[in-house]
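Below is one structure, written out as structure tokens, with a few remarks after it.
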Amino acid sequence: MSEDFSGWFHRMLEENEVADNRYPIKGMPVYRGFGMRIIKVMQRYLEDLLECDGHEPVYFPVLIPEEVLARETEHIAGFEEQVFWVTHAGGNKLDRRLALRPTSETCMYDLMSLWVRSHADLPIKIHQSVAVYRYETKHTRPLIRGREFLWNEGHTAFESREDALENIEEVKKIYLKLISDLLCVPVDVNLRPEWDKFPGAEYTLAFETLLPGGRSLQVATIHNLGQHFSKVFNIEFEDACGVKNLVWQTSYGPGFGRLLAAVMGVHKDDKGLRLPPEVAPTQVVVVPIFFKDSDKEKICSAVSAIEQSLRSQNIRFKVDWGEDRPGSKYYRWEQRGVPLRIEVGPRDVEKNQALAVRRDTGEKTALPLDNFEVGDLLDDIQDNLRVQARQSFESRFFEAESIKDLDEYLGEGIVFAGWCGQDSCAKIFETRGTILSLDKDNRRGCLVCGTDGMVIKVAKTY
Ligand SMILES: [Zn+2]
């Protein structure tokens, strides 16, 4: 099953109406209703957390003038090959090129330099949920690597480095809530090696999970920008003593498409998706079952009682009155990952009950029609999926004692190995996978040359 994750993933996208990859621009899939509803739930959840933490929502234009994008040299060098340019309006050539935002640091900080005058204007914490555009030259995959992708980006300005570091800790907690509490997806937070950090940042933290094919997937990043951008964009404030200082900045973002891919892949089983109830577009599906018309009336009134109580509990539910046989309905809703199915048949109704079937375990529970309650079951499913996913994640960390070990474990999960720090040895790792992080405090012999070195984490990545 794990070998064919990519085939499975594409089939799920299509059959469950998550996304359609046939849009006639490569790397720009269409997000369909089922996928977009999951994204909307995560987006609202994240935006609420950010706004409770003092972030203001903003919207910046999609176009960035070339001279603004190019002002920070490291930054533009990092994105140069990936920028889409608008060069014409109608038949006329524009007098300056305009970029489709690949990320918004430059255009936002250009304006921040006008907004910030004194320490009273700080901190600034803003966020926006938008699409960004990068002409990816690597193999594109729907949701995972696209040339247009949906994300939320946060940007800040602070008086001191300490304030910026505190913000990084807060945002880390917010992202872990989104990824682990809401989506039940386990992640590892890695400090990116110097050569792999965000262009223009002091350092980058990356949140990584593992998909069933054994590849790691980066779902969010946080960048400490230090004063690199504030120097270039001249974002200065006057402190309480009237002295001018540059602000300290951070920026961060999770990708909604990648989070959607993660929630689909991490919890899957042989029958299809298993969605955590809190993010599932449909949390409960009610399937009425009757073979004789004489049963129909009883079933209908039981179903409408159930509908009423689900509505009063604010549960997202559907009643499947379709003509198909119950078995094929079960198959379809299971594939879609609906966390709980309620079967309402003649024998159940006689006993004044309905049968609840959990998607995560298949376990069946009879629920009384009076005082019909599913909240506890849904909470249980949410917790169980989180625990199962965490256990599976933790079982996929490996120690490599030799290159042979490395080759065996890469593609299964995340591998610890020793590296001396030399480029020539790094090549041996990087032709096989990606170095996710370095741990210089732990010493170990280099897997390639044997020299004393640091511990690194390596994985195959998307
Ligand atoms: Zn070495």
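Report the extension gain between ASN92 and ALA240 in nm, rounded to one decimal, defined as 0.36 nm multiplied by the number of residues separating them, less their alpha carbon distance.
Numbers: separation 148, 0.36 × 148 = 53.28 nm, distance 5.05 nm.
Full extension from ASN92 to ALA240 adds 48.2 nm.
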Taking 179-190, 9-20, 48-59 and ranking on average Cβ neighbours within 10 Å, highest first, one gets 179-190, 9-20, 48-59
Quick calc, the stretch 156-209, dipole around Cα centre from Cβ unit charges on Lys, Arg (+) and Asp, Glu (-), nearest 20 debye, gives 200 debye
Reduced to Cα centres, the span from the stretch 94-111 to the stretch 17-82 in Å works out to 14 Å
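Measure up LYS404/LYS460; LYS138/LYS268; LYS138/LYS271; LYS197/LYS457; LYS177/LYS271 against 21 Å on the Cα-Cα distance and list the ones that go over. Let's see the in-between values first.
Values: LYS404/LYS460 15 Å; LYS138/LYS268 26 Å; LYS138/LYS271 31 Å; LYS197/LYS457 16 Å; LYS177/LYS271 28 Å.
Flagged as over cut-off: LYS138/LYS268; LYS138/LYS271; LYS177/LYS271.
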Highest mean packing first, using Cβ neighbours within 10 angstrom, the peptides 222-235, 257-270 sort as 257-270, 222-235
Expressed in angstrom and rounded, the centroid-to-centroid distance over alpha carbons for the stretch 283-318 and the stretch 130-166 is 43 Å
P(r) of the stretch 397-459 over all Cα-Cα pairs, 5 Å bins starting at 0, rounded to whole percent, reads 4, 22, 36, 28, 9, 1
Taking a straight Cα-to-Cα line shorter than 20 Å from LYS292, and setting aside same-chain aspartates and glutamates fewer than 8 residues away, one finds ASP320, GLU323, ASP324, GLU343, ASP348, GLU350
PRE zone check, label point 7 Å out along Cα-to-Cβ of ASN442, amide N under 15 Å, scope the stretch 374-410, hits 394-402
For the chain, whose charge dipole is built from +1 on Lys and Arg Cβ atoms and -1 on Asp and Glu Cβ atoms, the candidate among VAL62, SER309, TRP321 with its Cα farthest towards the positive end is TRP321
Subtracting the Cα-Cα distance of GLU15 and ASP379 from 0.36 nm times their residue separation yields 128.3 nm
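Which of the peptides 139-146, 104-111 is most tightly packed, and how do the rest follow, going by the mean number of other Cβ atoms within 10 Å of each residue?
Working: 139-146: 19.9, 104-111: 22.4.
Order by mean packing, descending: 104-111, 139-146.
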Note to self, the chain gives a 222 nm [θ] from helices alone (DSSP H runs n ≥ 4, -39500 (n - 2.57) apiece, / all residues, nearest 500) of -10500 deg cm²/dmol
If unit charges are put on Cβ atoms (+1 for Lys and Arg, -1 for Asp and Glu) and the dipole of the stretch 2-267 is taken about its Cα centre, the option from GLY255, VAL189, TRP8 lying farthest towards the positive end turns out to be TRP8
For the chain, the percent of all C-alpha pairs falling in each 20 Å bin, from 0 up to the bin holding the max distance, is 22, 48, 26, 5, 0
What the 10 Å binned alpha carbon P(r) of the stretch 2-267 shows, as percent of pairs per bin from 0, is 7, 28, 35, 22, 7, 1, 0
Straight-line reach check, LYS296, cutoff 21 Å on alpha carbons, 8 or more apart in-chain or any other chain, hits among lysines -> LYS318, LYS329, LYS351
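Which whole-number percentage describes the relative contact order of the stretch 397-459, with Cα contacts under 8 Å and a sequence gap of 6 or more?
On the way: 129 pairs, mean separation 24.0, N = 63.
Normalised by residue count, the contact order of the stretch 397-459 is 38 percent.
For the chain, calculate the relative contact order in percent as a whole number, restricting contacts to Cα pairs under 8 Å that are 6 or more residues apart.
Details: 894 pairs, mean separation 60.0, N = 462.
So the answer I get is 13 percent.
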Note: probe point = Cα of TYR135 + 7 Å toward Cβ; backbone nitrogen < 11 Å; residues of the stretch 27-51 passing the test are none
Whole-Å distance linking the alpha carbon centroid of the stretch 335-378 with that of the stretch 173-229 is 38 Å
Quick calc: nm separation of the 7 Å Cα→Cβ label points for LEU191 and CYS300 -> 6.7 nm
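Coordinate-derived values only; no laboratory data. Keep in mind the model is a prediction, meaning the values are calculated, not measured. Backbone-built Cβ (ideal geometry, glycine too); neighbour counts: all protein chains shown.
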